[in-house]
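The values are calculated or read from the model by the stated rules, or taken from the named source; none is laboratory data. Here the structure is a predicted model, which means the values were calculated and not measured. When we count neighbours, we look across all protein chains shown, and the Cβ atoms used for this are built from the backbone with ideal geometry, even at glycine.
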Amino acid sequence: MSDCIFCKIANGEIQAQIIYQDEDLVAFKDLNPQAPSHILIIPVKHIENLAGAQEQDALLLGKIQLAAAKIAKELGLKDFRLVANNGKGAGQSVFHLHYHLMGGRRFLWPAG
Ligand code: AMP
């Protein structure tokens, strides 16, 4: 999508601190980290959020989660949190599906 900031990161139009990239997904550092390690993992394909994903995206969603676990391991994170905010009321501010991979500090639960 032409006016989507994460599409622009995925296609190289906007710079980001990319730590992993392949034909399906991109992982880069969050500009405003909420934990010592805070990585965003996005599909290259524009999907608005998890609610906008379809059956045909099942493999892609699986790849993102496996990539999250692999990246966490590479960053030395034994414990980590993986979050996808879905919709404004849940805190979503960028409407291109993304997972927040966060680690390096203690997290509370319930999250509030
Ligand atoms: P959310 O609020 O769940 O939609 O998360 C959007 C995240 O994107 C926030 O944590 C922002 O800090 C992050 N963000 C926005 N623009 C950029 C950017 N250009 N590069 C890296 N992270 C960004």
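Across region 98-108, not a single residue is classified as loosely packed, with under 11 Cβ neighbours inside 10 Å, modelled with pLDDT of 95 or more and either outside any loop (DSSP other than H, G, I, E, B) or in contact with a Gly (Cβ under 6 Å, 6 or more places away or on another chain) (or both).
Checking each residue in region 18-37 for being crowded, with 16+ Cβ neighbours inside 10 Å, within 14 Å of the ligand (Cβ to nearest atom) and under 17 Å from His96 (Cβ atoms) picks out Val26, Ala27, Phe28, Asp30.
Residues of region 62-93 that are away from the ligand (no atom under 16 Å from the Cβ) and either assigned to a helix (DSSP H, G or I) or in contact with a His (Cβ under 7 Å, 6 or more places away or on another chain) (or both): Gly62, Lys63, Gln65, Leu66, Ala67, Ala69, Lys70, Ala72, Lys73, Glu74.
When region 13-57 is filtered for residues that are touching a residue at least 40 places away in the same chain (Cβ under 8 Å) and among the polar types (S, T, N, Q), the ones remaining, listed by number, are Gln34, Ser37, Asn49. Scanning region 1-12 for residues that are free of Cβ contacts under 8 Å to residues at least 24 places away in the same chain and either within 11 Å of the ligand (Cβ to nearest atom) or within 13 Å of His98 (Cβ to Cβ) (or both) yields one hit, Lys8.
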